[in-house]
1. Report, by residue number, each residue of the range 86-131 that is within 25 Å of ARG148 (Cα to Cα), of a type in the set (Phe, Trp, Tyr) and outside any loop (DSSP other than H, G, I, E, B).
2. Please go through the range 190-213 and pick out each residue that is surrounded by fewer than 19 Cβ atoms within 10 Å (Cβ to Cβ) and aromatic (Phe, Trp, Tyr).
3. Check ARG360, ARG372 and return the single one that is open to solvent by 30 Å² or more (accessible area, probe 1.4 Å) and either touching a helix residue (DSSP H, G or I) at 6+ places or on another chain (Cβ under 6 Å) or closer than 19 Å to THR500 by Cα (or both).
4. So ALA48 fits all but one of (1) among the aliphatic types (A, V, I, L, M); (2) within 16 Å of the ligand (Cβ to nearest atom); (3) closer than 22 Å to LEU276 by Cβ; what number is the exception?
5. With the requirement that a residue be part of a loop (DSSP other than H, G, I, E, B) and open to solvent by less than 10 Å² (accessible area, probe 1.4 Å), what does the range 294-319 give you?
6. Tally up the residues in the range 495-516 that are within 28 Å of the chain's Cα centre (by Cα) and not in a strand (DSSP E or B), please.
7. Please determine, by comparing only the residues of the range 330-347 that are in contact with a Pro (Cβ under 9 Å, 6 or more places away or on another chain) and either open to solvent by 60 Å² or more (accessible area, probe 1.4 Å) or within 16 Å of the ligand (Cβ to nearest atom) (or both), which one is nearest to GLU391 (Cα to Cα).
8. Condition first: without any contact (Cβ under 8 Å) to a residue 12 or more places away in the chain and touching a helix residue (DSSP H, G or I) at 6+ places or on another chain (Cβ under 7 Å). Can you find one or more residues in the range 95-118 that meet it?
Amino acid sequence: MTTLKWWQTAVFYQIYPRSFADGSGDGVGDFKGILSRLDYLADLGVDALWLSPHFPSPNWDWGYDISDYQNVAPEYGTLDDFKTFLSESHKRGLRVILDLVLNHTSDQHPWFLESKSSRDHPKSDWYVWKDSLTPTPLPILGEGQRVRLPPNNWQSCFDGDAWTYVPERNQYYYHYFMKQQPDLNWRNPEVKAAMWDAVRFWLDLGVDGFRLDAIGTIFEDPNLTPHPVPMNLAELRRAHELAKTPAEKEQVEKYWHDMFMHQIEQPGVHEMMKELRTVLDEYDGDRMLIGENEYIDYLGDGEDELNLVFNFPLMRTERLTPDFIRRNQKERLTQLEALPVKGWACNTLGNHDSPRVHSRYGDGIHDAELARLSLALMLTLKGTPFLYNGEEIGMTDYIITDPTKLRDTMAIWYYDQLVNELEVDPTEAALRAGQMSRDKNRTPMQWNNAPNGGFCPADVEPWLPVNPNYSKGVNVEDQSANPASLLNDYKCLLRVRKSTPALVEGEYIPLHDASQDYFAFLRKSASQMILVVLNFSDKRLELDFSDNQEIKGKTIHALFSSDERVLANENLRQLAIGAYEVFIAEVK
Ligand code: NOJ
């Protein structure tokens, strides 16, 4: 194998700590729980862990509202527990990257409490503070009466107005997310210095890198240009739900874009990423950065900004079709290869913000087969794969229709808006809120067929309900014992990937470009060539690859099949592929 960096060869696994494993028995996941499952993760065959936020937080956004960047949330354990987790992970060959939230802090962070206390405080400029808009024409008011208006019409992408008024300063602060998540003022060098201190704190402890939260939202248009959309966030969400015709859907898409266009992807962020990269480069061991963003320009010249960004466009479809995947790969890989130092791809299909793969790309009938194809796609496409906890056992979305049980603040807010502002029937509102809520894909990990899926003790209420399908085979223990389970396919495919250099470092060469039913491609390295066929249809196929220049006259030897086939030499001219089969073979 050529000398690739560890983050190019690794398969990442995202742990959402609150829902992963409860070691203390209080219904909330924690480090003790994670520690008890490290052997499981090592045995599964992943190489690196991305830990969603583990910092102290008032949990309005479940850890993405941080009140102390250099500590551990008490419900997850102590800093010593974290250190043990890190060293035990490293002992098992598992790298660890943390979630770093740069755009905003919690409104309970001491920095914000100080900043909001007065305009004269030394930290007064650490957040984005603006005066009230002066209305034109000035209304005629009685003595002592004042009109107060937010600085402009910007919306928070979570809960309505992006501005919240603070009487102590007689000013508004800006928040792209919830009002409990004030945006830091990254134009202030003191903010940068303080945050880089926090970054060094974790790097000194030995973490291997960071996933950078919401980096596209760090700067906003300094001219505060208003958005042109004739509705607010709740109305737009509702319009999105009700759009039926292609024209209506297109209009809503345009509104989504236009509503936030002055609040995201603004100048300044690349300089900041370069600066952060130099902080990481002070350290040995190839510490890495991955941005929660899809734009290739975050890789800079290929060496001076981030190491990876996610291929989010691949997720944006109702159905993963061969055609869609081929177009995505062509566009993505062409962009990456055009960088002065070629960029490295990174693929994912699910995380704590998106519906679960099993639910999202299923068709209601062949969900299990399609989930296996999705996994095989992640592990055979060119680039670093990111998997989300629970995907390996086919966990599904669990929609909470009782609004009092919702924990995602964004969904609670939307339910309230639907009922109280938009006069939607409460039953429909509850369903809509449950569907859009991220609770559905954050339910506790299902470890076995015991009450609460083995996540926490039977007599304890978990922080989110456990999906009852844990008792129908969607759990780790049952699937470990079943050779035909998704979990065992995961293990097997992860092992195949690890022992097949071309799947990690090889070039991607698409085959049979016009095929609608199956996605076939080669991965070709200096020493090896691999053929992958993913049949997304219910048809049995007989394929002929013999006229392809790369493989003409060669033989193929199967390395993996999801069907019951003997792994042997196969005929290039008449390769039989079963319905929904995953087929991987070496071409020699
Ligand atoms: C992206 C995170 O993935 C999401 O969970 C969070 O709510 C927002 N950023 C705000 O931090």
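The values are calculated or read from the model by the stated rules, or taken from the named source; none is laboratory data. Just so we're clear, the structure is a prediction, and the values are computed from it rather than from any experiment. For neighbour counting, all protein chains shown are included, and Cβ atoms are generated from backbone atoms with ideal geometry for every residue, glycine included. Please note that ligands, DNA and RNA were not included when accessible areas were found on the heavy atoms of the full protein model with its side chains. Shrake-Rupley method; radii C 1.70, N 1.55, O 1.52, S 1.80 Å.
1. Within the range 86-131, PHE112, TYR127, TRP129 meet the criteria.
2. The answer is TRP196, PHE201.
3. Details: ARG360 fails: either touching a helix residue (DSSP H, G or I) at 6+ places or on another chain (Cβ under 6 Å) or closer than 19 Å to THR500 by Cα (or both).
Going through ARG360, ARG372 in turn, the sole match is ARG372.
4. So ALA48 meets the others, but not (2).
5. Within the range 294-319, the first condition is being part of a loop (DSSP other than H, G, I, E, B), and the residues that meet it are 294-295, 300-307, 310-311, 316-319.
Hits for the range 294-319 are GLU305, LEU306, PHE310, ASN311.
6. Let us first name the residues in the range 495-516 that are within 28 Å of the chain's Cα centre (by Cα), namely 495-510.
From the residues that got through so far, the ones that are not in a strand (DSSP E or B) too are 495-506.
Result for the range 495-516: 12.
7. As a first pass, look at the range 330-347 and keep what is in contact with a Pro (Cβ under 9 Å, 6 or more places away or on another chain): 330-332, 346-347.
Restricting the remaining residues to those that are either open to solvent by 60 Å² or more (accessible area, probe 1.4 Å) or within 16 Å of the ligand (Cβ to nearest atom) (or both) gives 330-331, 346.
On the way: LYS330: 26, GLU331: 27, CYS346: 17 Å.
In this case the residue turns out to be CYS346.
8. Checked the range 95-118: no residue is without any contact (Cβ under 8 Å) to a residue 12 or more places away in the chain and touching a helix residue (DSSP H, G or I) at 6+ places or on another chain (Cβ under 7 Å).
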